[in-house]
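Colleague: Have a look at this one.
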Amino acid sequence: MPKKVLLGKVTSDKMDKTRRVEITRRLRHPLYGKYYSRRMVCHVHDENNESGLGDKVEIIESRPLSKTKRWALVRIVEKSREVDVAALKAAREQAAENLASES
């Protein structure tokens, strides 16, 4: 039986070599016909810490690597374009401090 390959979005990259990936799917209610969302959360092994928060990734089933890790990262489909405002502000303040110390 072939291994499952899924697409999902990285929702946490705080662990070393592990990513939390969320896979969402929309289903139609059999009786009422209304669409609703279901999600599945997978812990994914990312050997080189390549992926980041918000990235779209492709994952594949693997042997159990830990208590919760059962998936491995195949590739990063799309890098996130979200801007970390706090990091941007800190970098701007650091640059201002460097300019002040040079003059």
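The values are calculated or read from the model by the stated rules, or taken from the named source; none is laboratory data. Quick caveat: nothing in here was measured; it's all calculated off a predicted structure. Heads up, the Cβs are rebuilt from the backbone with ideal geometry, glycines too, and the neighbour counts pull from every protein chain shown. These area figures cover heavy atoms from the full protein model, side chains too; ligands, DNA and RNA do not enter into them. Shrake-Rupley method; radii C 1.70, N 1.55, O 1.52, S 1.80 Å.
Colleague: Take the conditions assigned to a strand (DSSP E or B), touching a residue at least 24 places away in the same chain (Cβ under 8 Å), in contact with a Leu (Cβ under 8 Å, 6 or more places away or on another chain) and basic (K, R) and apply them to R19. Does it pass? Give the derivation first.
Modeller: Working: assigned to a strand (DSSP E or B): yes; touching a residue at least 24 places away in the same chain (Cβ under 8 Å): yes; in contact with a Leu (Cβ under 8 Å, 6 or more places away or on another chain): yes; basic (K, R): yes.
Judged against the criteria, R19 is a match.
Colleague: Can you work out which of the residues in region 65-103 that are among the basic types (K, R) and in contact with a Cys (Cβ under 9 Å, 6 or more places away or on another chain) is surrounded by the fewest Cβ atoms within 10 Å (Cβ to Cβ)?
Modeller: Residue satisfying both the conditions and the ranking: R70.
Colleague: Hey, K56 hits all of (1) under 20 Å from K4 (Cα atoms); (2) more than 14 Å from the chain's Cα centre (by Cα); (3) among the charged types (D, E, K, R); (4) open to solvent by 70 Å² or more (accessible area, probe 1.4 Å) but one; which does it fall short on?
Modeller: So K56 meets the others, but not (2).
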